[in-house]
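Data block below; observations after.
The values are calculated or read from the model by the stated rules, or taken from the named source; none is laboratory data. Note that the structure is a prediction, hence the values are computed from the model and not measured. When we count neighbours, we look across all protein chains shown, and the Cβ atoms used for this are built from the backbone with ideal geometry, even at glycine. To get the accessible areas, we keep the full protein, side chains included, count just its heavy atoms, and leave off ligands, DNA and RNA. Shrake-Rupley method; radii C 1.70, N 1.55, O 1.52, S 1.80 Å.
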Amino acid sequence: MVFTIYFVRHGQTIFNHYNRMQGWCDSPLTEKGISDAHKAGKRLAVKHFTNVYHSDTSRAKNTCHIIMGENNNSKSIPEPTTLPQFREQGYGYFEGCDSNQAWLMVGARHNCRSFPEIISKYSIEDSRDFMKEIDPFHEAENNDEFWTRVNSGFDYIRSQQKDGDEVLVVSHGTTIRSIVHRFAPDIDIISLSPQNGSVTKMIVADDAISVEYFNHYTDEQDY
C-alpha cells in the first residue's frame, strides 16, 4: 500500500506574529494567517483528498476548514477528522514565552544561544530533551514522548487509508520539521523552517515514508 500525505502548516497566528512559543497553547489566526490558509487551499484545490485531518488546536482546525472551502472536490470529501497526535511539540513551562529568550535559556548549559544553533550543533531531537531538562515543571515533551505521540498518528492514518489515497493533514511547524528530518535527514531544516501555509508532500508505504518536497509556499512551485 502506498498513499500520499500533504502536510500543511497552519496560517500565521498572533503568537507567531509576536515570535512567542506556541506548542500546546493556542492563539487566533491573524489576517495574514487567514490569507495563508486561502493560498494553501488554492494551491491544493484540484486534489481529491480521501481523508482530511487536522490537529486539535483551533489554529489548525480553522486553517483546515479554509483550505477545504477552496477545494474543487469538497462536496465529495468526508468532514475533517481531529488528530491530536499531530499537535505541535509541547513546550511546557515555556509556552507563551518569547521564543528567542526561551531558546537562549534552553541552550545556555550547552553553549548555544538560539534554536538554530542548538539543532545545528546537536539536533532537533536533542532540543526537546534539553528543554524538558530545564523545565521547572518537567512538562515539556522530550523526544521519546514526542515520537510516541506522532508515531501513533501515522499508525492511525495507515489504518484508515488504501492504496493510491491522497490525504491532507494540517499540522504545525516544528512537528512537520521533525518528521521531515527523521525521514529525509539530508533536507536542510536548520536554515529552512516551514512557512505558515506551506505544503510538504510525503509518500507513505507499508514500511517506509519518503519526503517528495518540503516547505512549498509560492505559486511557482509544484504541488
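The figures follow:
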item	result
Percent carbon-and-sulfur accessible area, the chain, ignoring ligands, DNA and RNA, probe 1.4 Å	48
Highest average packing first - 70-82, 31-43, 51-63, 168-180, Cβ atoms within 10 Å	168-180, 51-63, 31-43, 70-82
Selected from Leu83, Leu104, Leu29 as most flexible by GNM, with the chain as the system and alpha-carbon contacts under 10 Å	Leu104
Relative contact order, percent, segment 9-135 [alpha-carbon distance under 8 Å, six or more residues apart]	26
Using a Förster distance of 25 Å, the FRET efficiency for Asn100-His138 (Cβ separation, nearest 0.05)	0.65
When each of Lys132/Lys162; Lys42/Lys162; Lys75/Lys132 is checked by Cα-Cα distance, pairs over 32 Å	Lys132/Lys162; Lys75/Lys132
Residue of Gln85, Gln22, Gln101 that the Gaussian network model of the chain assigns the largest fluctuation, springs spanning Cα pairs under 10 Å	Gln101
Mean-position separation - Cα centroids, segment 75-141 and segment 154-223, in angstrom	19
Segment 95-197 - accessible surface per residue (Å², probe 1.4 Å)	46
C-alpha long axis of helix 124-134 to longest principal axis of the chain, angle in °	50
